[in-house]
1. In a GNM of the chain with a 10 Å cut-off on Cα contacts, which of Gly114, Gly83, Gly160 has the highest mean-square fluctuation?
2. Going 7 Å from the Cα of Glu18 along its beta-carbon direction, which residues of the stretch 40-82 have the amide nitrogen within less than 15 Å of the resulting point?
3. Which residues among the stretch 145-187 fall inside the zone where the amide N is under 18 Å from a point 7 Å beyond the Cα of Glu89, along Cα→Cβ?
4. Say each of Asp147 and Ser70 gets a label point 7 Å from the Cα, pointing the same way as Cα to Cβ; how far apart are those two points in nm?
5. Computed from the coordinates I sent, Cα extents along the principal axes in Å equals one of (1) 50, 45, 27; (2) 76, 37, 32; (3) 77, 29, 28. Tell me the label.
6. Determine the gain in length on full extension of the stretch Leu4-Glu139; use 0.36 nm per residue of separation and subtract their C-alpha separation, reporting nm with one decimal.
7. Quick one: what are the phi-derived ³J(HN,Hα) couplings along the stretch 136-152, Karplus 6.51/-1.76/1.60 with θ = phi - 60°, whole Hz, x for glycine and proline?
8. Once Lys and Arg get +1 and Asp and Glu get -1 on their Cβ, which of Gln84, Val40, Asn173 lies farthest toward the positive end of the dipole of the chain?
Amino acid sequence: MSLLFSKNKKSELAYNTEEVDAFFDRVQAAYDANIDSIDVLKIANTSFSLTKSGYYTREVDLAIDKLIYSILEYKKHIAYKSGQGEVWEKEYARSVWDLENVLRSEKGKFFEKGKKKSYSYKVRPVDKFMQKLKKYFLESGNKVGIDQIDKISFPSTKSGRGYSEAGVDAFLNRVRVLLIASDISTT
């Protein structure tokens, strides 16, 4: 399945076209077979190799967000149609609670540390962003949008004193899915 993503200029890094096409083929097959079996967190945690002359990253990321939204909206609709709306709301509430537990951590202790001689995110910039999330989710602060999650990047270190990149990235993907689900919960 070849999608209609724009190809990037050769001087800029972009997502590998073969990996992106294969990913969307797999999702389409799962969608056609049994949409209920699709794990939106797994979709959110998908990553692609970067190459010169691939698909624009922003276009692919937006398509993935729309896909997640569509799947969650369908699952909510089916839950309410079958009288299981409370299950949907409880699952959403549990996801918020899981996220809040991480946000209640102390500065410098939000995530596991990275391994020495491997890249990890510097603690201070991650902690600063976590404080922003904490204010939004725990103190009704300024709204955090999906675009802010998509655009955030943290400086790296190889010292072993930074946060595990995988742990931070997985958490931010959970936040992203939760923000999408909250848009659906209010509609």
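Any read-out appearing in this document is the output of simple, stated calculations on the displayed coordinates, not a laboratory observation. What you are looking at is a predicted structure, and each value in this text was computed from that prediction instead of being measured. Positions of Cβ are backbone-derived with ideal geometry, glycine not excepted, and every protein chain shown enters the neighbour counts.
1. Gly83
2. Hits in the stretch 40-82 for Glu18 at 15 Å: 48-55.
3. 181-187
4. Label-label distance for Asp147 and Ser70, simple model: 2.2 nm.
5. (1)
6. Details: separation 135, 0.36 × 135 = 48.60 nm, distance 4.12 nm.
Fully extending the segment from Leu4 to Glu139 adds 44.5 nm.
7. Ordered by residue, 3J(HN,Hα) equals 5, 7, 9, 10, 6, x, 4, 4, 10, x, 4, 4, 5, 5, 5, 8, 5 Hz.
8. Asn173
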